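The values are calculated or read from the model by the stated rules, or taken from the named source; none is laboratory data. Since we're looking at a predicted model, the values are computed, not measured. Reconstructed Cβ throughout: ideal geometry from the backbone, glycine too, with neighbour counts over all protein chains shown. Protein only, heavy atoms only, side chains kept; ligands, DNA and RNA dropped before computing areas. Shrake-Rupley method; radii C 1.70, N 1.55, O 1.52, S 1.80 Å.
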Amino acid sequence: MHLTLTGNLTLIAALSVTSTIAAAATSPNNTPQVPSEPPYIVLSDNLDEPNGYGFCIDTYGRGKSELVQTHSCKPKAPEGSPRDYQDNDARFEYDEAANRIRSYAFEGLCLQALLATGKTEFGLLKCSDTKHQSFVYSEEDQTIRLLENAQLCLSVATETQEAGPWVKRPLELSDCASVDMSLAQWTVVLN
């Protein structure tokens with residue numbers, strides 16, 4: 001009888017430790033624990049990012065790319081790394097004065113919606129006055145809206161995809177009134 005009780009206590013202790021480790025990955029309200037240095041723009045809900053790091057706006061692949069997505073937020077760059085270090089590709093900043101989302105790593109490049117009938121992609125293009133590079137961030141509802149059409153919110157796809165040891169979700173423009181807000185609320189962290 002004593003051995004069974006000890007076995008059950010051991011099992012309970014093991015489950016408790018496992019639960020504590022799993023809970024440490026995200027905060028109680030599922031807010032991501034971003035390991036990157038600011039600036040970055042992260043989806044406010046961790047969703048199913050397995051490390052608890054959240055989904056940051058990021059370029060496709062490693063380093064500079066012309067296309068943009070969300071990806072597991074990346075750990076800090078090694079001390080002394082140049083601004084354009086390949087893992088800084090997930091560091092973007094919101095420029096409120098210009099209504100632009102700028103790449104931190106690749107100076108002079110901004111997020112741009114590439115709109116086509118039935119499809120939206122996002123590119124990393126030279127910053128300009130084009131209307132598809134103009135976004136408004138609302139701290140009140142945590143949305144990033146296209147300035148040209150404030151009914152459209154920057155959001156992520158509903159499905160998570162593997163990306164090597166990390167995960168990713170495509171960026172989308174969604175109708176703000178009907179999108180699941182866990183897919184369209186952002187936290188902007190500046191330097």
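Annotations for the structure displayed:
- Flag if S27 is in contact with a Gly (Cβ under 9 Å, 6 or more places away or on another chain), at pLDDT below 95 and within 18 Å of S182 (Cα to Cα): yes
- Flag for P78 being more than 16 Å from I144 (Cβ to Cβ) and modelled with pLDDT of 90 or more: yes
- Of the residues making up region 74-91, just one is over 19 Å from P32 (Cα atoms), in contact (Cβ under 8 Å) with a residue 24 or more places away in the chain and charged (D, E, K, R), namely R83.
- Among the residues making up region 159-191, those that are over 16 Å from N30 (Cβ atoms) and in a loop (DSSP other than H, G, I, E, B) are E159, G164, P165, P170, C176, A177, S178, V179, L190, N191.
- Restricting region 99-131 to residues that are over 20 Å from the mean Cα position of the chain (by Cα) and over 24 Å from N88 (Cβ atoms) leaves a set whose member that is surrounded by the most Cβ atoms within 10 Å (Cβ to Cβ) is L115.
- Selection count where residues are surrounded by fewer than 24 Cβ atoms within 10 Å (Cβ to Cβ), touching a residue at least 40 places away in the same chain (Cβ under 8 Å) and among the charged types (D, E, K, R), scope region 46-73: 3
- Here D89 meets the list (1) within 23 Å of E159 (Cβ to Cβ); (2) at pLDDT below 95; (3) assigned to a loop (DSSP other than H, G, I, E, B) almost entirely, failing just condition (3).
- Filtering region 134-191 to residues that are modelled with pLDDT under 95, open to solvent by less than 70 Å² (accessible area, probe 1.4 Å) and touching an Asp or Glu at 6+ places or on another chain (Cβ under 8 Å) leaves nothing.
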